[in-house]
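Below is one structure, written out as structure tokens; comments come after it.
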Amino acid sequence: QNHPEMRLGILTGDIVISGTEQNWDEVDEDLEILAIETHFAVGNHDVTDRELYENRYGISYYHFVINGDLFIILDPNIDEWNISGAQLNVFQEAMAMSADVANIFIFSHQLLWWSEDNLYRNVPPNSTQGKADETNFWSTIEPMINEVENPVVWFAGDLGAHQNGCNFMYHQYDNITFIASGMGVEENDNFIITNVHEDKTISYELISLSGHENALGRLIDYQLK
């Protein structure tokens, strides 16, 4: 966010190639340089040793409120890309807070909205490892976020690892915005800065890791048709 005291970093998964003590130690050392509050939305690589991960960082799904905005961290790795069981209960509890917050930001590693036969089919994720043939995103989760009055922004991070893949995506409809980004092949590697302004409007900066300012243009210019 744009207020210096409210800076927050969220990594959208596959932070390590495998969940070992050494790899996580290196991540923690790197993040210390940023000196800001940081959260993880875990990917499949991050929970190859789930017990180790949870011992270090706690449960992998939760929610919190900062500056009047709701943040929800999800872990679709638990149940084949479904948000179910205890995690669904936590998600429902979080969404029940919608009347008391302005914006709702949701984070998962996987592009839960993606399937081979819908609008997002041409934005293939890096991996569909562990994905069930049918998930409850469109039947259960999307209706819950579509019915609230808040702007809902859902971030995912499983893009950018393949030369012929996509590096980022943006799609907005109704009150929902889906955003995904990633890195891995160097060219067009990127991350996204989300600014929440004093009037609670939201703007985005698509940051190229190439070092060239505005190399990728504006994220909103990539709206899916």
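Miscellaneous remarks
- Solvent-accessible surface of the chain, taken per residue with a 1.4 Å probe and all protein chains present: 51 Å².
- Summing +1 for each Lys or Arg and -1 for each Asp or Glu among the other residues whose beta-carbon sits under 14 angstrom from that of VAL90 gives -3.
- Only Lys, Arg (+1) and Asp, Glu (-1) charged, at Cβ; segment 80-188 dipole about Cα centre in debye: 160
- Semi-axis lengths, largest first, of the ellipsoid equivalent to segment 76-135 are 25, 15, 9 Å, with √(5λ) applied to each eigenvalue of the Cα gyration tensor.
- Label positions at ALA96 and ALA132, each projected 7 Å from the Cα along the C-beta direction, are separated by 2.3 nm.
- Between GLU29 and TYR204, the modelled label-to-label distance comes to 3.4 nm, taking each label 7 Å out from Cα in the direction of the beta carbon.
- Taking all pairs of distinct alpha-carbon atoms in the chain, Kirkwood radius in angstrom: 18.0
- Antiparallel DSSP beta bridges within the chain, percent to nearest 5: 50
- Neighbourhood charge, 12 Å Cβ-Cβ cut-off, centred on LEU34 and excluding it, Lys, Arg +1 and Asp, Glu -1: -4
- Percent carbon-and-sulfur accessible area, the chain, ignoring ligands, DNA and RNA, probe 1.4 Å: 47
- Neighbours of ASP117, meaning other residues whose beta-carbon lies under 13 angstrom from its beta-carbon, give a summed charge of -2 when Lys and Arg score +1 and Asp and Glu score -1.
- Distance between segment 9-28 and segment 73-111 - C-alpha centres, whole angstrom: 22
- With the biggest extent put first, the Cα atoms of segment 63-170 measure 42, 26, 21 Å across the principal axes.
The values are calculated or read from the model by the stated rules, or taken from the named source; none is laboratory data. Please read these numbers as outputs of a predicted model, since none were measured by experiment. Backbone-built Cβ (ideal geometry, glycine too); neighbour counts: all protein chains shown. These area figures cover heavy atoms from the full protein model, side chains too; ligands, DNA and RNA do not enter into them. Shrake-Rupley method; radii C 1.70, N 1.55, O 1.52, S 1.80 Å.
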